[in-house]
Amino acid sequence: MSALTVAPAARGLQGELRVPGDKSISHRALLLGALAEGTSRFTGLSTGDDVAHTAAAVAACGAEVERVDDVTVT
């Protein structure tokens, strides 16, 4: 397992994180993508109905959610 250390004065993070598809992580990813600036792209999200409902709720709040092969949230 690797660790991530962020300096207190950091203005933001950028990078890639790979985790296995998981319902709880999928919900959180959609919510964090909606809060982030710009576009977030997610692969391997859970395909369950409850995650689809979370995506619909995020879209109802004004974020653009597009699901093709990956999921993008703007």
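Every pair of different Cα atoms in the chain enters the Kirkwood calculation, which places the hydrodynamic radius at 13.3 Å. Each of Leu45, Ala60, Leu13 was scored by the projection of its Cα onto the charge dipole of the range 8-74, and the greatest displacement toward the positive side belongs to Leu13; charges sit on the C-beta of Lys, Arg, Asp and Glu. Scanning the chain for trypsin sites (Lys or Arg not before Pro) lying in DSSP loops with no more than 13 further Cβ atoms inside 10 Å, the longest uninterrupted stretch between such sites is 19-74. Note on the chain: with charges restricted to the Cβ of Lys and Arg (+1) and Asp and Glu (-1), its dipole about the Cα centre is near 260 debye. Annotation for Glu16 and Val68: the two label points, set 7 Å from Cα along the Cα-Cβ direction, are 1.8 nm apart. Taking each DSSP H run with n ≥ 4 as -39500 (n - 2.57) and averaging over every residue of the chain yields -10500 deg cm²/dmol at 222 nm.
Loop only per DSSP, at most 14 neighbouring Cβ atoms within 10 Å: give me the GluC sites (Glu not before Pro) in the range 2-73, ordered by residue number.
Here the sparse-neighbourhood loop sites are Glu16, Glu37, Glu64.
None of the figures in this text is laboratory data; all of them are computed from the coordinates on show. For clarity, every value in this text was computed on a predicted model and none was experimentally measured. Note that each Cβ is placed from the backbone with ideal geometry, even for glycine, and that neighbours are counted across all protein chains shown.
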